[in-house]
Amino acid sequence: MTAMEREAEQPVIQLDRVTFRYPGAEAPSLQNVSLSIRRGDFVAVAGSNGSGKSTLCKCFNGLIPAYYSGDMEGDVYINGTSTLGRSVAELSRHVAYVFQDFENQLVRPTAYDEACFVPLNFGYEDYKERGLAALRMLGIEQLRSEWIWQLSGGQKHMVALAAALSLNPEVIVIDEPVAQLDPAHARTIYDKLKMLNEVHGKTIVVIEHHTEFIADYCRTLVLMEPGGRVRWVKPVSEGLSAVSELTELNIQPPQVTQAFQRLSGSPGPEAPAKCPITVEEAAEWWGAASGLWREPESAPSDPNASVPRQEPPAPTVPQAGALPPGPHASTVPQSGALSPVPPASTVPQAGALPPVPPAPTVPQSGALSPEPPASTVPQADALPPGPPAPTGPQAGALPPEPLIRFEGVTAGYQGIDRERRPVLQDVDLTIHDGDRIALVGNNGAGKSTLLRLISGLRRPWKGRVSVCGADTRKTTPEALADEVAFLFQNPEEMFIADSIRKDIEFFLTARKREGIEAFVDDVLRRFKLTELQHRDGRLLSGGQQRRATLAIGMAMQPTVMLLDEPTASLDIASRRELTTLLDQLRDRVRAVVIATHDMQLVADWATRVIVMHGGRILLDADSRTVFSRPEVLELAALNPPQIVQLSARLGMSPVCLTVEEFAESVSRSLRQPANAM
């Protein structure tokens, strides 16, 4: 065997019985971990929040223990050489790391400066060529002169990746690559990683909660369990088929895999040799039963039609092929809304989503679709009453509906050239008592700006925003905070004290509430933060930070709650806790608006979905209507959940929003007599 062949067979990264404990932590974050990563592999590291995923990956390039101090035992090898005594700078030539909060590692004013920064500091004479080559490799050369702060979240993520590529490392580690990105940009990031892996031979390691991306792109799955141990390392198809094991560890298996498991004992086509984990695999197998569903006979929906928004009817489970075609889906007229969207030529006709039925299934206000019992999900008892609120004209007084009103609102920011750049344009919107709204759209559509206008952190250039009867132009954000809680997209921005407990108490203490101790204790317990209450929130994992910020917002007991990407980095148990607690607080939290790219949250939770594009409201409807509009989905860069895509591929009408709906629909069709189909 030649030296080159021996090098090719040698693991590019190897951990041998590694244990690591952060300063002040009661238990290690990693315990006796042994792991080998093959050269050229595409690896996903999955696990519940706090299982040690990020800590594990920070060992790969010496960030632990060289930068993040603590007690470490065991050995880490890169290309067979120990990392002991080697600096992070030296190891970064071999292993690049893109953080979950990638914006914090962008340090230069333009994309080109950022891409050149690392090789420049290493003293490479060709630093300019290296930076430009990295931008070209990712197809973002056109951004070279753009100011970093003017880029969208997806573009910033690509620039951070280009900066990591500029040293031409062998291994690229990306922590939560799709967090805070719309579905289209998320796919773009993964497509680039796939290209780097297959074309340029890079070893890719991703920390990922979204198993549909793992199914579509990765080849090896590393499963972490609580306590910082590696449970197993398996090929992706085998690992994602372990539905009960993944669910036990609060990891959401692919929806199509869950559906297969639910229906594996039902009559129908012969089961495949392995569980399907992608929509394509599932459609190919279930396509053998395509005769069970009738093709829709109605014409495609008319994008020029318009219907007023109506309250959703009670949930019903669709019978596959049994419901007649309903009225055409359409946009809700909004002042200043976009012109009707013409059907996209790129949307395939085959398997197109059928028209929306007259009685779509939408969960009730704050309700969740059925979920298997989980010991980590809080019981249905409501939170105890919070500390007494101050008396006065604002305390507990609810204005007449609507709670929030936008009237011809235009708002934006001032550029470095002092030119005003509008982000929202002529928006009219009303939010009512009881609304559970998912605000969706591509990065840069104006979602965060809309939330900031409601909170009073921004004021409109034109038009009027009223919140609980107060004009935001005449009210301070501090006064509005008695009615509105706003949880930021970047969780670390919510921490101002040196412990989580103090952060949760801060609002109540500032308002001089009494009797807050027991209330704060209960909030900590419900968000599984009791053991972390004395830790600095900025030093927690991404998922733990999310839970801490949710606890801060819940403790405020607001009338209106605004959440910007709250489920990013959360495992399934934490997502359930979020929606369950929002439901439990509905007697106090009268309206909830969530800006999100999590389409499963949209399907499971929202009673109303507002689709934004280009600073305008493109569509305001229920989730089934939104997922039945392919031209809207394409324009707003949205991808429906796997189960919606699968039911559409099979011609089911109406499309199914949950695994439970799909399984029930298929089961009913399989039970129908042959002459009834």
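The values are calculated or read from the model by the stated rules, or taken from the named source; none is laboratory data. Since the model is a prediction, treat every value here as computed from it, not as a measurement. With ideal geometry, Cβ positions are generated from the backbone for all residues, glycine too; neighbour counts draw on all protein chains shown. In case anyone asks, the SASA skips ligands and DNA or RNA and just uses the protein heavy atoms, side chains included. Shrake-Rupley method; radii C 1.70, N 1.55, O 1.52, S 1.80 Å.
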* Asked: If Phe507 passes every condition in (1) open to solvent by less than 20 Å² (accessible area, probe 1.4 Å); (2) touching a residue at least 24 places away in the same chain (Cβ under 8 Å) but one, which one does it miss?
  -> (1)
* Given the conditions (1) modelled with pLDDT under 90; (2) at positive phi, which single one is not true for Gln672? -> (2)
* Considering the stretch 480-494 alone, what residues qualify as being in contact with an Asp or Glu (Cβ under 6 Å, 6 or more places away or on another chain) and open to solvent by less than 40 Å² (accessible area, probe 1.4 Å)? -> none
* Has the stretch 149-161 got at least one residue that is among the hydrophobic types (A, V, I, L, M, F, W, C), open to solvent by 30 Å² or more (accessible area, probe 1.4 Å) and modelled with pLDDT under 90? -> yes
* To do: Would you mind telling me which numbered condition in (1) at positive phi; (2) open to solvent by less than 50 Å² (accessible area, probe 1.4 Å) Glu114 fails?
  => (1)
* To do: Would you be able to say whether some residue in the stretch 461-479 is open to solvent by 30 Å² or more (accessible area, probe 1.4 Å), of a type in the set (Ser, Thr, Tyr) and at pLDDT below 90?
  => no
* Asked: Does the stretch 480-515 hold any residues that are of a type in the set (Asp, Glu), at pLDDT 90 or above and in contact with a Pro (Cβ under 7 Å, 6 or more places away or on another chain), and which are they?
  -> Glu483
* To do: Give the residues of the stretch 202-224 that are open to solvent by less than 10 Å² (accessible area, probe 1.4 Å) and part of a helix (DSSP H, G or I), sorted by residue number.
  => Thr211, Ile214
* Arg501 in a helix (DSSP H, G or I), basic (Lys, Arg) and open to solvent by 10 Å² or more (accessible area, probe 1.4 Å) -> yes
* Out of all the residues in the stretch 554-608, which are at pLDDT 80 or above and among the polar types (S, T, N, Q)? -> Gln557, Thr559, Thr567, Thr596, Gln600, Thr607
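Residues checked against (1) within 19 Å of Ala25 (Cα to Cα); (2) touching a Lys or Arg at 6+ places or on another chain (Cβ under 6 Å); (3) open to solvent by less than 40 Å² (accessible area, probe 1.4 Å):
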residue: Lys512; (1), (2), (3): no, no, no
residue: Val520; (1), (2), (3): no, no, yes
residue: Arg526; (1), (2), (3): no, no, yes
residue: Gly537; (1), (2), (3): yes, no, yes
residue: Leu540; (1), (2), (3): yes, no, yes
residue: Ala551; (1), (2), (3): no, no, yes
residue: Met554; (1), (2), (3): no, no, yes
residue: Pro558; (1), (2), (3): no, no, yes
* Which numbered condition trips up Lys462, out of (1) touching a Gly at 6+ places or on another chain (Cβ under 6 Å); (2) over 30 Å from Ser541 (Cβ atoms)? -> (1)
* Within the set of pairs 6 or more residues apart or between chains, which connect a residue that is within 23 Å of Arg473 (Cα to Cα) and free of Cβ contacts under 8 Å to residues at least 24 places away in the same chain inside the stretch 438-459 to a residue that is hydrophobic (A, V, I, L, M, F, W, C) and crowded, with 24+ Cβ neighbours inside 10 Å with Cβ atoms less than 9 Å apart? -> none
* Structure fact -> All conditions in (1) surrounded by fewer than 19 Cβ atoms within 10 Å (Cβ to Cβ); (2) within 26 Å of the chain's Cα centre (by Cα) are true of Leu132 except (2)
* **Wholly within the stretch 1-95, strands (runs of 3 or more DSSP E) carrying at least 1 residues that are open to solvent by 70 Å² or more (accessible area, probe 1.4 Å)** => 13-21, 30-37, 71-78
* Asked: Inside the stretch 179-201, can you point out the residues that are surrounded by fewer than 23 Cβ atoms within 10 Å (Cβ to Cβ) and in a loop (DSSP other than H, G, I, E, B)?
  -> Val199, His200, Gly201
* Asked: Would you say Tyr124 is open to solvent by 20 Å² or more (accessible area, probe 1.4 Å), in contact (Cβ under 8 Å) with a residue 40 or more places away in the chain and not in a helix (DSSP H, G or I)?
  -> no
* Asked: Of the residues that sit in the stretch 54-86 and are of a type in the set (A, V, I, L, M, F, W, C) and modelled with pLDDT under 90, which one is farthest from the chain's Cα centre (by Cα)?
  -> Leu84
